[in-house]
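The structure appears below as structure tokens.
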Amino acid sequence: MGSKYGGKREFDFKNVLYTKGNWRATIAINRPKVHNALNLETLRELSAAFEDAAWDDHVAVLIVTGAGNKAFCTGADMKEWKEDFLESPNDFYKWMGVFMETFERLRNIGKPTIARLNGMVVGGGNELQMSCDLAVAADDIFIGHAGTSRGSVAAAGATQWLPLIVGDRRAREILLLNERIPIKKALERGLVNQVVPRRKLDKAVDVMAEKLVNKLPECTRYTKQQLNFWRDFSWSMTIGHLRDWLTVHTSAFEIQEGIKAFSEKREIDYKAIRIKMSDSGKKSR
């Protein structure tokens, strides 16, 4: 029988695949039909798995990945946003609280973490992989953000950490232009640590994990704690603002139009939105 602070526990996850062995824990988001998007249930399951990996002394390294071969993670589930939040914005505030707690638990797990990037990495998916310490990617994927194109703000890690990782100007380019970043360019910019042919992805992750297993655990934990300083600082100064801003603005026209257009797989007439906002401003004068 294991201690209540670690040991053998049973989980009945629906959206997450969780395995442990050989000093490793692997967590895979298991929603390949929606490109491993994050809904409320998935966030809660991830949080529970992160806690278990943190508490289990037989886990030295955590590997985070996505099921299938098309997507690592594409961030928040826009279908859930459309169905649950457009009419009830205050429910987003609750959802965002779970999102924040889940990402904080991963970042502060006290053990080294590796993002195994097996497919597209978009929006909150990039924030998820940046929450890990290291990242190994297949050579046929891309990273990107779409917030300013699709009705959101990439501020749950991206605005805080991208400038630290790739530099201020490149962070602005990524978040303002919303263009795909081929993974080899992401490697050149320091957004990932290693890019390998897809057939060699598992081997490369295993080799990196073994190097981390063969390190002193307490020294590793405190090194990670110190390295987290600037990420923790920038996150703590801004994440509450984002939570409130998105909650208040979920009912705004441009947010609703962006989310509906994404769900309906149609283009957005951005200039028409600007004209509508301009006309609205004239009427209020």
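Each of I273 and N69 was given a label point 7 Å from its Cα along the Cα-to-Cβ line. The distance between the two points is 3.6 nm. Taking a Cβ cut-off of under 13 Å around Q160, the surrounding Lys, Arg, Asp and Glu residues balance to a net charge of -2, with basic ones at +1 and acidic ones at -1.
For K203, no aspartates and glutamates have a Cα closer than 13 Å to its Cα, not counting residues fewer than 8 places off in the same chain. Between the amide H of D139 and those of V196, R198, distances stay under 5 Å, these residues lying 5 or more places away or on another chain, with hydrogens modeled in the peptide plane. The Cα atoms of region 18-114 cover 46, 28, 15 Å along the three principal axes, with the biggest extent listed first. Couplings 3J(HN,Hα) for region 140-145, derived from phi with the Karplus relation 6.51 cos²θ - 1.76 cosθ + 1.60 (θ = phi - 60°), are 10, 10, 9, 10, x, 10 Hz, where x marks Gly and Pro. Restriction of the trypsin sites (Lys or Arg not before Pro) in region 14-92 to DSSP coil positions whose beta-carbon has at most 12 other beta-carbons within 10 angstrom yields K14. Applied to region 181-191, the Karplus parametrisation 6.51 cos²θ - 1.76 cosθ + 1.60 on θ = phi - 60° returns per-residue 3J(HN,Hα) values of 10, x, 5, 5, 5, 4, 5, 4, 8, x, 7 Hz, with x for Gly and Pro.
Once every DSSP H run of n ≥ 4 in the chain is given -39500 (n - 2.57) and the sum is divided by its residues, what mean residue ellipticity at 222 nm do you get, rounded to the nearest 500 deg cm²/dmol?
On the way: 12 runs with 142 residues, N = 285.
Dividing the helical sum by the residues of the chain leaves -15500 deg cm²/dmol.
Packing order of peptides 240-248, 108-116, highest average first: 108-116, 240-248 (average count of other Cβ atoms within 10 Å over each peptide's residues). Within the same chain, aspartates and glutamates fewer than 8 places from K8 are excluded, and of the rest, those with a Cα less than 14 Å from its Cα are E51, D52, D56, D57. Measure out, as a whole number of angstrom, how far apart the alpha-carbon centroids of region 185-227 and region 113-177 sit. Cα centroid of region 185-227 versus Cα centroid of region 113-177: 17 Å apart. At q = 0.07, 0.11 Å⁻¹ the log10 of I(q)/I(0) for the chain amounts to -0.26, -0.64, computed by Debye summation with a single uniform scatterer per C-alpha, solvent ignored. Backbone amide hydrogens, once placed in the peptide plane, bring N36 within less than 5 Å of R31, excluding anything fewer than 5 places away on its chain. Amide H to amide H, with H built 1.01 Å from N, I63 comes under 5 Å of A25, T26, I27, I114, counting only residues 5 or more places away or on other chains. Summarising the label geometry, the points placed 7 Å from Cα in the beta-carbon direction at K82 and V207 lie 4.3 nm from one another. Of the cross-linked pairs K70/K276; K70/K265; K70/K184, those separated by over 26 Å at the C-alpha level are K70/K276. Among the listed pairs K14/K79; K20/K215; K14/K111; K111/K215; K200/K224; K185/K271, those with a Cα-Cα distance over 21 Å are K14/K111; K200/K224; K185/K271.
Using the Cβ-Cβ distance between K200 and T19 with R0 set to 25 Å, the FRET efficiency works out to roughly 0.75.
Scalar couplings 3J(HN,Hα) for region 77-82, obtained by applying the Karplus form with A = 6.51, B = -1.76, C = 1.60 to θ = phi - 60°, are 6, 5, 5, 5, 4, 5 Hz; x denotes Gly and Pro. Taking 7 Å steps out from each Cα toward its Cβ at F233 and L176 produces label points 2.4 nm apart.
Read-outs throughout are calculated quantities, based only on the coordinates presented, and are distinct from any laboratory measurement. What you see is a predicted model, and the numbers here were worked out from it, not measured in a lab. Neighbour counts run over all protein chains shown; Cβ positions are idealised from the backbone, glycine included.
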